[in-house]
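What follows is a single structure, written as structure tokens, with notes after it.
The values are calculated or read from the model by the stated rules, or taken from the named source; none is laboratory data. Bear in mind that the values here come from a model prediction, so they are computed numbers and not experimental data. Here Cβ is always computed from backbone atoms with ideal geometry, including for glycine, and neighbour counts include all displayed protein chains.
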Amino acid sequence: MKAWINPKIQEKIVFASLFLSTLIIVTPVILVVAIIIARGSSVLSVEFLTSMPRMGMKAGGIFPAIVGTFYLVIWTLIFALPIGIFSAIYLSEYSKRNLLTRIIELAIVNLAGVPSVVYGLFGLGLFVGFLKFGASILSGSLTLAVMVLPVIITASREALQSVPNSFREVSYSLGATRWQTIRHAVLPHALPGILTGTILSISRAAGETAPILFTVAAFYLPRLPKSIFDQAMALPYHLYVLSTQVPNVRLELQYGTALVLVGLIIIANLVAVVIRSYFRARKQW
Amino acid sequence: MRKYYEFIVESLIFISGIASILFVLLIFIFLLKEGLMLFKDLGVFDFLLGTHWYPISEPPRLGILSLILGSLWVTAGATVISVPLGIACAIYIGEIAPGWLKEILKAGVELLAAIPSIVLGFIGLVTLVPLVKKLFGISTGLTAFSGSLMLAFMAMPTIVSIMEDALNTVPKSYREGSIAMGATQWQTIRRIVLPSASSGIIAAIMLGIGRVIGETMAVMMITGNAAIIPHSFFQPVRTMTATIAAEMGETVQGSQHYSALFAIGIVLFTITFMINLTADLSLHGKKAR
Amino acid sequence: MVSQIEKVQVQNLSVAYGGGSALRNVNFSIYQNEILGIIGPANSGKTTFLRTLNRLNDLDPRYQHKGEVLIDGKDIYRKWNVFQLRKKVGMVFALPSPLPISIFDNLAYGPRRHGVWSKSRLNEIVERSLKSAFLWDEVRDRLDQSAMKLSGGQQQRLCIARTLALEPEVILFDEPCSGLDPISTAKIEEAMQVLKKRYTLILVTNNTKQAARVSDRVAFFLMGELVEIDQAEKIFTVPKDKRTEGYVSGRYG
């Protein structure tokens, strides 16, 4: 026989446990960030951020890793943005609800789901090996570009589709062609959403380790990369190396590197949120 | 003049449109290109079901069963932990939390999604692993259990956000109708909202699993990297992803070891492809109705 | 006095969207410099007809048509370039639809798409169009301001000015006053009386009183068919068809 509990009481119990579950998820996040800040901020200094590593990376700064990450992000965007935005334009403005479109959507979902280490293998096979670019910023950023493509496409497509149809109708009724309509009546108003997607992909590209393991990352490179064909250090790989490959590295140094990486990513995400709010407030439609 | 310019632009747009398909194919092709070579000397079943992974011994033993099981154990553990918690969290955030709290909690989950896996792996290594060792009195905290715990954590944002979307697609009128008939909010959620969102629940689980199986750095740093068939959760294991990441640096291009790692990549790609296909079809198959 | 030149000739026009038929065998002509009012209950095909004239229906993938529409004697599907057609046949929509850009940019949008980039020519065009739409005095000092800040009536006059910037020959009005207050409505109706001297106007409206006020001739559409077309006076006082009579007297609608 099933015991009958007053539904109101049952609800209270259930809601409490749901809240607890949520807390179990959210609290550790705050703890993680707090620990990183607490234990990493002691090494944070201008010197740490702008000098080269010394003593086999047991001391010194992380400047080359920051610079390397910076180059990787820039080149990733250069490769991924045009293809991503154009692809979103195709899906939003040109495609019909047919099988081809469905396959494209499935491909995008799959690109988003490919394990990051498989991207590393892909980059190794195609860019480093087959195209003979070698381990370089070029190979690394091309690999990362394919990886962030789904993020850009999805965000841009959403931004384009949320532009009211009346804008397009007005443009056509004034005798504009399809590309003119997209370029002048749709795209300008989708830019905030596209921008947000771009910033999100920046934070992904900056934080990934596995795709750059075989395609660009250098273990210890005490000089800055001079061209796109050079190898480079990068923040996520540097953290990996400090915490697992080099013995006796001060824990503070590791936390400091983690702090810089997490800090950059959180700043990027905050910028995205601010941009989103700003344009949402100013939006006149 | 304008006609030619527009023709070029629109061609570029179309090519970009199908670029995603091209890239998926390229990934598969290059995995095959480097990985299939392995099977000239080694049978597929010996590879998939072989229990010993000794790539640097003479002759090398290249059986990935222990790796597959390592991935499966860690994934299963992570799923068991993350799915109930994730669904509970999504329900709380989506249906119950008041406005201001909802925004804070959502921001918290998004923050979790933003933290790179290497950082979580690092934190897990320096905090979780020693903790597990102490709590359970075992010889090392580098275990499948620690890995499952960390991965469950990392899969949360995926599960929560998909569940949230699924809950949002349930029309408001369903809830209002139920409340109007005197049901409590929980009764409404349990009997009306959740069943309507069931395809979303399935998709959330599948994509969560996909996320976990594909994770590399955090697992590599926390699960101990012992390529043996696991007998308990409190042993070190090795996943397929960690194997590739750990060993690729030590192989010679074109060698059998090299091909074997690519072959593992083929297995991973196929698994995640199937998972994503199923999840997406279930999400969109239901929508079409 | 309306001219006798046939600006638009509609011959056996039938339109369907997928399965459903929207217009059946419509036949009539529209004369230059007249204001033609089109009335009829909802779903009678009025808007579909209007949107056929500037081929805006082409945007709907389910659109199919039979028969011909000739403007200046040329088939709009076979002999007219669609982008040129839309320059010559302008449209004002039911809800005022300024683009969320400046007043100046709204007006310059059309000319720019058709190759006009010189600042001085654009200034000229903007002033001329705003004057013809009776909006110049109200906005001459704030052309850089966003068009969204204008009132509904002003926005609609902006939309009229926008089509005038392209120097059209026919202007289509799709229930242009449905969202406007009586004063703004009166201003637009006044403007139409002046505009008809230079252009041919076609006005779709749900408001039979407005049709009576403004039009030279009136066409009554019912369920996709052109039931009757005649001088405005006659349609409202002595209509020939019983169905017309039922509609204009308010027995159904």
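Taken together, A:LEU174, A:LEU121 contain a single residue that is in contact with a helix residue (DSSP H, G or I) (Cβ under 9 Å, 6 or more places away or on another chain) and within 7 Å of chain B (Cβ to nearest Cβ), which is A:LEU121.
Taking the criterion of being surrounded by fewer than 24 Cβ atoms within 10 Å (Cβ to Cβ) and of a type in the set (A, V, I, L, M), the residues of the stretch A:233-252 that qualify are A:VAL241, A:VAL246, A:VAL249, A:LEU251.
Is it true that B:LEU65 is modelled with pLDDT of 90 or more, in contact with a Leu (Cβ under 6 Å, 6 or more places away or on another chain) and more than 9 Å from chain A (Cβ to nearest Cβ)? Walk me through it before giving the result.
Working: modelled with pLDDT of 90 or more: yes; in contact with a Leu (Cβ under 6 Å, 6 or more places away or on another chain): yes; more than 9 Å from chain A (Cβ to nearest Cβ): yes.
Answer is yes for this residue.
Screening A:SER92 on (1) away from chain B (no Cβ under 12 Å); (2) out of contact with any strand residue (DSSP E or B) (no Cβ under 7 Å at 6 or more places or on another chain); (3) not hydrophobic (A, V, I, L, M, F, W, C) shows it passes everything except condition (1).
Looking at the stretch A:126-145 only, could you name the residues that are crowded, with 24+ Cβ neighbours inside 10 Å, farther than 17 Å from B:MET217 by Cβ and not hydrophobic (A, V, I, L, M, F, W, C)? Across the stretch A:126-145, the qualifying residues are A:SER139, A:SER141. Is it the case, given these coordinates, that A:TRP75 is of a type outside the set (Val, Ile, Thr), more than 10 Å from chain B (Cβ to nearest Cβ) and more than 30 Å from B:GLU215 (Cα to Cα)? Answer is no for this residue. Which ones in the stretch C:9-31 are closer than 14 Å to C:LEU203 by Cα and of a type outside the set (Ser, Thr, Tyr)? The answer is C:ILE30, and nothing else. Taking the stretch C:17-35 as the range and being out of contact with any Leu (no Cβ under 8 Å at 6 or more places or on another chain) and within 16 Å of C:LYS46 (Cβ to Cβ) as the test, the residues that pass are C:TYR17, C:GLY20, C:SER21, C:ALA22, C:ARG24.
If a residue has to be within 11 Å of another protein chain (Cβ to nearest Cβ) and either in contact with a Phe, Trp or Tyr (Cβ under 6 Å, 6 or more places away or on another chain) or not in a helix (DSSP H, G or I) (or both) to count, how many in the stretch A:217-238 make the cut? Adding up the residues that qualify gives 3.
Results for (1) surrounded by 13 or more Cβ atoms within 10 Å (Cβ to Cβ); (2) under 26 Å from the mean Cα position of the chain (by Cα); (3) in contact (Cβ under 8 Å) with a residue 60 or more places away in the chain; (4) within 7 Å of another protein chain (Cβ to nearest Cβ), shown as yes or no for each residue.
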{"site": "A:ILE24", "(1), (2), (3), (4)": "yes, yes, no, yes"}
{"site": "A:PRO28", "(1), (2), (3), (4)": "yes, yes, no, yes"}
{"site": "A:ILE37", "(1), (2), (3), (4)": "yes, yes, yes, no"}
{"site": "A:ILE66", "(1), (2), (3), (4)": "yes, yes, yes, no"}
{"site": "A:ARG97", "(1), (2), (3), (4)": "no, no, no, no"}
{"site": "A:ARG102", "(1), (2), (3), (4)": "yes, yes, no, no"}
{"site": "A:ASN110", "(1), (2), (3), (4)": "yes, yes, no, yes"}
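Note on the stretch B:12-38: among residues that are surrounded by fewer than 21 Cβ atoms within 10 Å (Cβ to Cβ), within 22 Å of the chain's Cα centre (by Cα) and within 7 Å of chain A (Cβ to nearest Cβ), the one that is farthest from B:GLN253 (Cα to Cα) is B:ILE21.
Looking only at the stretch C:130-142, decide whether some residue is surrounded by fewer than 22 Cβ atoms within 10 Å (Cβ to Cβ), in contact (Cβ under 8 Å) with a residue 40 or more places away in the chain, more than 19 Å from C:PHE93 (Cβ to Cβ) and away from chain A (no Cβ under 13 Å). It would help to see each step written out before you state the result.
Within the stretch C:130-142, the subset surrounded by fewer than 22 Cβ atoms within 10 Å (Cβ to Cβ) is C:131-132, C:134, C:136-142.
Filter once more, so that each one left must be in contact (Cβ under 8 Å) with a residue 40 or more places away in the chain: C:132, C:134.
Checking the rest, the ones that are also more than 19 Å from C:PHE93 (Cβ to Cβ) come to none.
Among the residues of the stretch C:130-142, not one is surrounded by fewer than 22 Cβ atoms within 10 Å (Cβ to Cβ), in contact (Cβ under 8 Å) with a residue 40 or more places away in the chain, more than 19 Å from C:PHE93 (Cβ to Cβ) and away from chain A (no Cβ under 13 Å), which makes the answer no.
Let's see how each residue does on (1) without any contact (Cβ under 8 Å) to a residue 12 or more places away in the chain; (2) buried (at least 19 other Cβ atoms within 10 Å of the Cβ); (3) among the β-branched types (Val, Ile, Thr); (4) more than 8 Å from every other protein chain (Cβ to nearest Cβ):
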{"residue": "A:TRP4", "(1), (2), (3), (4)": "yes, no, no, yes"}
{"residue": "A:VAL14", "(1), (2), (3), (4)": "yes, yes, yes, no"}
{"residue": "A:GLU47", "(1), (2), (3), (4)": "no, no, no, yes"}
{"residue": "A:MET52", "(1), (2), (3), (4)": "no, no, no, yes"}
{"residue": "A:MET55", "(1), (2), (3), (4)": "yes, no, no, yes"}
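Results for (1) under 17 Å from the mean Cα position of the chain (by Cα); (2) more than 30 Å from A:ILE103 (Cα to Cα); (3) among the small types (Gly, Ala, Ser), shown as yes or no for each residue.
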| residue | (1), (2), (3) |
| --- | --- |
| B:TRP186 | no, yes, no |
| B:ILE192 | no, yes, no |
| B:SER198 | no, no, yes |
| B:ALA226 | no, yes, yes |
| B:PHE233 | no, yes, no |
| B:GLY249 | no, yes, yes |
| B:HIS257 | no, yes, no |
| B:PHE262 | no, no, no |
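Every condition in (1) closer than 23 Å to C:TRP80 by Cα; (2) hydrophobic (A, V, I, L, M, F, W, C); (3) within 18 Å of the chain's Cα centre (by Cα) holds for C:ILE5 except the one numbered (3).
Just to verify a result, which residue in the stretch A:113-128, among those that are among the small types (Gly, Ala, Ser) and touching a residue at least 40 places away in the same chain (Cβ under 8 Å), is farthest from A:THR143 (Cα to Cα)? It would help to see each step written out before you state the result.
From the stretch A:113-128, those among the small types (Gly, Ala, Ser) are A:113, A:116, A:120, A:123, A:125; that's our starting set.
Applying the additional criterion that residues be touching a residue at least 40 places away in the same chain (Cβ under 8 Å) yields A:116, A:120, A:123.
Numbers: A:SER116: 10, A:GLY120: 7, A:GLY123: 5 Å.
Taking the candidates together, the pick is A:SER116.
Of all residues in the stretch B:138-157, those satisfying the criterion of being of a type outside the set (A, V, I, L, M, F, W, C), touching a Gly at 6+ places or on another chain (Cβ under 9 Å) and in a loop (DSSP other than H, G, I, E, B) are B:THR140, B:GLY141, B:THR143. What is the one condition in (1) of a type outside the set (A, V, I, L, M); (2) touching a Pro at 6+ places or on another chain (Cβ under 9 Å); (3) at the interface with chain B (Cβ under 9 Å from one of its Cβ atoms) that A:GLY60 does not satisfy? Looking at each condition in turn, A:GLY60 falls short on (3).
Residues of the stretch A:250-270 that are assigned to a helix (DSSP H, G or I) and either away from every other protein chain (no Cβ under 12 Å) or in contact with a strand residue (DSSP E or B) (Cβ under 9 Å, 6 or more places away or on another chain) (or both): A:LEU253 alone.
Considering only residues that are within 14 Å of chain A (Cβ to nearest Cβ) and on the phi > 0 side of the Ramachandran plot, look in the stretch C:18-61 and name the one that is surrounded by the most Cβ atoms within 10 Å (Cβ to Cβ). Among them, the one singled out is C:ARG55. Looking across the stretch C:1-32, the residues that are farther than 21 Å from C:PRO61 by Cβ, among the aliphatic types (A, V, I, L, M) and in contact (Cβ under 8 Å) with a residue 12 or more places away in the chain come down to C:VAL2, C:ILE5, C:VAL8, C:VAL10, C:VAL26, C:ILE30.
Based on this model, can you work out whether A:ARG204 counts as within 21 Å of C:VAL116 (Cβ to Cβ), more than 8 Å from every other protein chain (Cβ to nearest Cβ) and of a type in the set (Lys, Arg)?
no
Go through the residues of the stretch C:168-189 one by one and say whether even a single one is among the acidic types (Asp, Glu), under 24 Å from C:LEU122 (Cα atoms) and surrounded by fewer than 19 Cβ atoms within 10 Å (Cβ to Cβ). Yes; the residues of the stretch C:168-189 include at least one that is among the acidic types (Asp, Glu), under 24 Å from C:LEU122 (Cα atoms) and surrounded by fewer than 19 Cβ atoms within 10 Å (Cβ to Cβ). Per the listing B:LEU125, B:LEU135, B:LEU120, the residue uniquely within 14 Å of another protein chain (Cβ to nearest Cβ), surrounded by fewer than 23 Cβ atoms within 10 Å (Cβ to Cβ) and either assigned to a helix (DSSP H, G or I) or hydrophobic (A, V, I, L, M, F, W, C) (or both) is B:LEU125.
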